[in-house]
Amino acid sequence: MRQITKRYRLLIAIAGTLCITGCSDFLTENDPSNFTEDTYFTRPEHARSSVNAIYAPLRDITASGFGGGPWVMTEFATGQAGTDLGQATSSYFVKDLTNTAENAYGTSYWQQYYRGIGNANLSIAKIPGIAMDAAESKRLLGEAHFLRAWYYFTLVQLFKDIPLITEPVALESEQLRPSQANPEDVYNLIVEDLKTAEASGLPWVDQTGKVTLGAVKSLLAKVYLTMAGYPLEKGAAYYDMAAKKAEEVIDSKQFKLFASYADLHDPAKKNIEENIFMVQFRTQILPGNWQELIIPYNKGISAYSAETGGIYATNEFVKSYDPADLRAKEGQFFFTKFTNESNRNQVVDLGGYFIYKLFDVAAQTTTANSDLNWSLIRYADILLTYAEASNEVSGPTAKAYDAVNAIRTRATLPNLAGLAKDKFREAVWKERWYELCFENVTWFDMVRLRKGFNLTTKQFDNYVGHKFSYGPVLTERELVFPIPAYELNNNPNLQRTPGY
């Protein structure tokens, strides 16, 4: 756990030089690397900058290049993605179900997200001691608790048996080499953190991209939905809590679906309407860094010098959409052709279904410097969370139909009606698969449901035994990713993940 044992001095360097969450200017400090924990946390601006630093690992996971990018890990784990990037061996290990504890993607998630947890722990411990406006202090602590919850929620889903660290760790700390906690204890902390954030006075929305009450309630709905399913199997009571929390987001009237799918990848739509919580990027300062990975290999369509062919949708997945579904039409969620970089009047056949919903048109055609944010929670997810959870409680109500049919209407599909509870359940699952694909959601759904979507039958198989369209078959070991070998080698108190 070397990333969380250096008294978090890295936080000070980040906090003193970056403001990645919508601030108008970069922070400036006099030689910030010379600060220590005791001398840094003394002024209100230190509280703000320390919380800003907690956001940084969110951005690190989207980093992409010829070695791939950590964010693709859960996409290849669904069996719905392909790649032409031969040197990105971590992608193939996950895609072909031959993964090992040496996978660089898993290592990046573990190290970066524990860095975020460490920074959150430090802010939570130190901010109460700073003389400052009480309401602002409470809001900053709310942001810190939310972000710690986000990191733990992701890690416990990915790796299941993880250390639970809630205080700053020094070289003499007993938690320098922590043991793994019971997953339920991790979930309990996540819920506690989110309840603290919920009561911290955060606004419903914030166009600068900071944590909001809308994000807190949305994440709490997703956490309850996950706790209702596997591995905790909390059942009906947690479906009810998930439905009620998602309903609060819906009833707030603060969010709405975009009118066009083009808005999903329009930098002008950052942090508004459908985008509840996003990773913040800014062209020429901190540009979005996944664009080269999502374009076809050396087809000459992009202003970027590298075209890696790092990830795209399988033909079988795109063709499993209803023929009338707008999302599967050219230039909506996917694209199969684009103009030549040197002659925009010439159309190039891309040879596959590439991911248009993540495509920054201006960056790809002119600037090679993306201004696009990365979406973490969007309103469509919360509508579908409400529909699924409320159905488990009381069957398909009118409001549940309204939620899922709003998604279908935008996709130019007919409204659902007259379905029994089990049929409505699977209809909502399908909408989740089709609507939220390539947004780091589907694999987490597969694990909590223990289901995989059969692209041929268009029915749901049991997760264990589900066969990908290109051959590999899921086993029980793929319900989690392995604890990284780097961490096992440096912490004798960690237990190896079974099967890896």
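Any read-out appearing in this document is the output of simple, stated calculations on the displayed coordinates, not a laboratory observation. Worth saying up front: this structure is predicted, and the values here are computed from it rather than measured. Note that each Cβ is placed from the backbone with ideal geometry, even for glycine, and that neighbours are counted across all protein chains shown.
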*Using θ = phi - 60° and the Karplus relation 6.51 cos²θ - 1.76 cosθ + 1.60, list the HN-Hα couplings for the stretch 272-282 in order, rounded to whole Hz, with x at every Gly or Pro.*
9, 6, 7, 7, 7, 8, 9, 7, 8, 10, 8
_Ranking request for peptides 188-200, 374-386, 232-244, 60-72: highest mean number of other beta-carbon atoms within 10 Å first, then the rest in descending order._
374-386, 60-72, 188-200, 232-244
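How long are the semi-axes of the equivalent ellipsoid of the stretch 235-287, defined as square roots of 5 times the Cα gyration tensor eigenvalues? Whole Å, largest first. Present the calculation step by step, with values, prior to reporting the outcome.
Values: eigenvalues 175, 39, 17 Å².
Whole-Å semi-axes of the equivalent ellipsoid: 30, 14, 9.
Once you charge only the Cβ atoms, +1 for Lys and Arg and -1 for Asp and Glu, what is the size of the charge dipole of the stretch 237-325 about its Cα centre, to the nearest 20 debye? Let's see the in-between values first.
Numbers: 9 positive and 13 negative charges, 61 e Å.
With Lys and Arg at +1 and Asp and Glu at -1, about 300 debye.
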*Going by alpha carbons, how many degrees (0 to 90, nearest 10) lie between the helix axis of 236-251 and the longest principal axis of the chain?*
90
*Whole-angstrom gap from the stretch 246-294 to the stretch 418-448, using each part's C-alpha centre*: 21
*Could you tell me what fraction of 2.2 N^0.38 Å the Cα radius of gyration of the stretch 281-372 comes to, as a two-decimal ratio?*
1.08
*For the chain, Kirkwood radius (reciprocal of mean inverse C-alpha pair distance, Å)*: 23.2
*P(r) of the stretch 233-349 over all Cα-Cα pairs, binned every 10 Å from zero, in whole percent*: 10, 26, 34, 21, 8, 2
*In whole Hz, what ³J(HN,Hα) sequence does the stretch 381-392 give by Karplus (6.51, -1.76, 1.60; θ = phi - 60°), x for Gly and Pro?*
4, 6, 4, 6, 4, 4, 4, 5, 5, 5, 4, 5
*When the chain is fully extended, how far beyond the present Cα-Cα distance does Asn182 get from Ala417, taking 0.36 nm per residue of separation?*
80.4 nm
_Karplus-derived HN-Hα couplings along the stretch 158-175 (A = 6.51, B = -1.76, C = 1.60, θ = phi - 60°), whole Hz, x at Gly and Pro_ = 5, 10, 6, 9, 10, x, 10, 10, 10, 10, x, 10, 10, 4, 8, 6, 5, 9
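Can you give the charge dipole size of the chain about its Cα centre, rounded to the nearest 20 debye, using +1 on the beta carbon of Lys and Arg and -1 on the beta carbon of Asp and Glu? All intermediate terms of the calculation are to be shown ahead of the outcome.
Numbers: 50 positive and 57 negative charges, 99 e Å.
Using only the charged Cβ atoms, the result is roughly 480 debye.
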*Long-range amide H contacts for Thr339: which residues qualify at under 5 Å (H placed 1.01 Å from N, peptide plane, sequence gap of 5 or more or a different chain)?*
Val348
*Cα long-axis angle, helix 183-198 against the chain (0 to 90 degrees, to the nearest 10)*: 80
*Using the charge dipole of the stretch 76-175 (Lys, Arg: +1 at Cβ; Asp, Glu: -1 at Cβ; taken about the Cα centre), state which of Phe153, Thr98, Ser137 has its Cα farthest towards the positive end.*
Ser137
